[in-house]
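To start, the structure under review is shown below, and the notes come after it.
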Amino acid sequence: MEKQKVSEMQKNHAQEANYQWIHFYTEFADVLLNYKSNRTDLIKKIREVFMLANMKLPKLEKDDNIEDIDPFTIFALFNKGNSNNSKIKILNSIAKIFDIQNPVPSAFDGVPTVYNLKAAFYCFRDERGKHDIDNLWEVFDNAIHYSKTLSYPYKDNLKKYYDKVKTQKCIGWNITIGLYWIRPNIFINLDSRNREFLSNANNMPHYFTTIFANIEKELPNGSKYLFMCEQARNALKNKEYPYHSFPELSYYAWKTTKEDTKTNTAPLSIDSNIKETAYWIYSPGDNASMWEEFRQLGIMGIGWDGLGYNLKDFATKQDIKEYLKKIYDAKDSYKNDAHCLWQFANEIKIGDIIFAKKGVHRIIGKGVVTSDYIYDTSRKSYIHVRKVDWQNIGEWELPRQAVMKTLTNITSYNNYVQELLALVTNEIKDEPEQEIKYTKTDFLNEVYINESSYDTLVDLLDMKYNIILQGAPGVGKTFIAKRLAYSIMGEKDTSRVSMVQFHQNYSYEDFIQGYRPVENGFKLESGSFYKFCKAAEIDDERPYFFIIDEINRGNLSKIFGELMMLIECDKRGDKLKLLYKDEWFTVPKNIRIIGMMNTADRSLAMIDYALRRRFAFFDVAPAFDSDGFKQYLTEKNNSKFDKLISVIKTLNDTISNDESLGDGFRIGHSYFCTNKEITDNWLQSIIEYEIIPLIKEYWFDEPTKVRDWSANLRGAIK
């Protein structure tokens, strides 16, 4: 869009914008400051506000026993993703309870909202730090005083407490939203909408190019944020653009990008850390009668086959309702049934999370939706379906009775969703291994790597987010990768570890998404990494590990596609449009990627530079001399086995010194690791069918060397 057209559009916006809310918000902030040392009364008044509004106070503690609260969370209570009518209702109550003199606003132009599930600026009591709420009050206090003088000592104090708060759980870009709410002309809001707008050179005076350079990378510290605010206020005095304040800029950012992305799935005026995923609780048939079929087929289905029509043929929910009355019983309302069918066909989206229930007391599975609505007339029953990747299967007792309806959107019930996620992801019934704790000590006991190397691996993952384990065949790279993930997670939770193997035909379509042939054409299907990212995105407080075996066997640039950039550690959380779908996609910060490659694979080209610079590389060597393997030999107590290992170590020295081979071709220790008893047959099998074929490949042009070493190996076990 040309700059002139942008300017004309923004002038039209200026005529319709209403910033009446600024005066009310500012006065309310001043009033709240009086309660800094009297939070007990403040909590009482907040409860009165919601009672007067005849609304339920959002859950701020697990047990609803609110012992403390911060002022930014209070502002978030009416600046969530709810309707303007609800906001006005709450503000009318606030005006009465707190005696606010400014009129209650009727419009909220330029007001950013926070997501319902992430509204509070602090975590539950057992998850937050001792001084988290106190620190938020200090930011609030010093911000208000700083706004009046723009000078010291409040400026230094604000920087100090902002930086403390920045490290707290539940804090991200939302702290800039909170500061903007209380003093919108002083502090700039850096929600995702504004950051997108600021990064477009057509929208901003040229001064902003420097001020907000690399704004998407990370939340600025206190000093940098206040510098941005100061410089931006000065820049907005320029007459080049029609917005001259932060509220005007926020409104234009929302209005302009909304018009430019009408077909876009990106969220509006929501912090970039907020997830777009919706959560549903669903019954797979009466009393879960269809569960086994749906689970095995990877689908979810809904009844009402008698409709005889594709649900997409109905233009409105009312049309479904009227048709149900026509073909069944005109006396029934069918309101809930029509609502359920409409939601199933039109409101569920790919990436949403489904909790399958049995009756009203049990959850039996959790999955991720992987397809749009399908009208499948080839099925005998339940012809209205969607594909679902059922990731967690089991049976869990619900903490309280579930809703009776077949399908219910539970996204807005934050605490209930969190309870279900905790219930399912922490107590997988059909995979007992997932409940087993796994520590660094467990890793060192199982894996023949010393503590220093383990610490290096953990540090590399923490620093780079992506590592590649490279080494000769049989050094246990896969074994190491999985147990490294378990040790960092602290448990053997296989729901948070996924593994794929690259090969020459592995593609972007397998990895991210692509069209697959179906009976009547082609259908867009999600790949393994896409689905894994969606699962990790809703559980962002815990690490997830994606393991790629034979990573150098695939065409890496084609497989990763546009996500090549997003896997970088400093690009995590950034968004890009996907190739096949008008969707903003991000690689969550809690995902770690562990690749594996055989250094002895001479048929493959070196891993390309574009991916190499995004990974840290760790060499995994044969561990015959490690304390763990020596202990293993002692436990096996077999003299022939000891002699064979001695020959293998000598063979490895020869391979290392061979100019055509080198260390990367040495024989790994995992060939010789087994829980079985060491027998002559077992030893002979390893030599004849694993080691000798390998050295034949190594020295295919030196038959004498192959013959000599084959004799040495066989002689060791005579």
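The values are calculated or read from the model by the stated rules, or taken from the named source; none is laboratory data. Because the structure is predicted, anything quoted here is derived from the model rather than measured. Note that each Cβ is placed from the backbone with ideal geometry, even for glycine, and that neighbours are counted across all protein chains shown. We work out accessible area using only protein heavy atoms, side chains counted, and drop any ligands, DNA or RNA first. Shrake-Rupley method; radii C 1.70, N 1.55, O 1.52, S 1.80 Å.
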Among the residues of region 128-146, is any modelled with pLDDT under 90 and either aliphatic (A, V, I, L, M) or out of contact with any Gly (no Cβ under 6 Å at 6 or more places or on another chain) (or both)?
no
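Pick out the one residue from 482, 558, 534, 523 that is within 22 Å of residue 369 (Cβ to Cβ) and open to solvent by 30 Å² or more (accessible area, probe 1.4 Å).
Matching residue, one of 482, 558, 534, 523: 523.
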In region 309-336, anything open to solvent by 50 Å² or more (accessible area, probe 1.4 Å) and either among the small types (Gly, Ala, Ser) or within 34 Å of the chain's Cα centre (by Cα) (or both) is listed as 312, 315, 316, 317, 330, 333, 336
Restricted to region 394-420, and to residues that are of a type in the set (Val, Ile, Thr) and open to solvent by less than 30 Å² (accessible area, probe 1.4 Å), which residue is modelled with the highest pLDDT?
408
Output for region 457-474, where each listed residue is open to solvent by less than 30 Å² (accessible area, probe 1.4 Å) and under 16 Å from residue 589 (Cα atoms):
461, 466, 467
For the list (1) open to solvent by less than 20 Å² (accessible area, probe 1.4 Å); (2) within 30 Å of residue 377 (Cβ to Cβ); (3) free of Cβ contacts under 8 Å to residues at least 40 places away in the same chain; (4) not basic (Lys, Arg), I need the number of the one condition that residue 529 fails.
(2)
Search region 683-705 for residues that are within 17 Å of residue 655 (Cβ to Cβ) and pair each with any residue that is surrounded by fewer than 16 Cβ atoms within 10 Å (Cβ to Cβ) when their beta-carbon atoms are under 7 Å apart and the residues are at least 6 apart or on different chains.
699/705
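When you scan region 140-147, do you find a residue that is among the acidic types (Asp, Glu), part of a helix (DSSP H, G or I) and over 19 Å from residue 26 (Cβ atoms), even just one?
The answer is no; no qualifying residue exists.
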Report, ordered by the first and then the second residue, all pairs with beta carbons closer than 7 Å, sequence separation of six or more or different chains, a first member in region 652-668 that is at positive phi, and a second member that is crowded, with 22+ Cβ neighbours inside 10 Å.
none
Which residues, taken from region 367-379, are outside any loop (DSSP other than H, G, I, E, B) and open to solvent by less than 10 Å² (accessible area, probe 1.4 Å)?
367, 368, 369
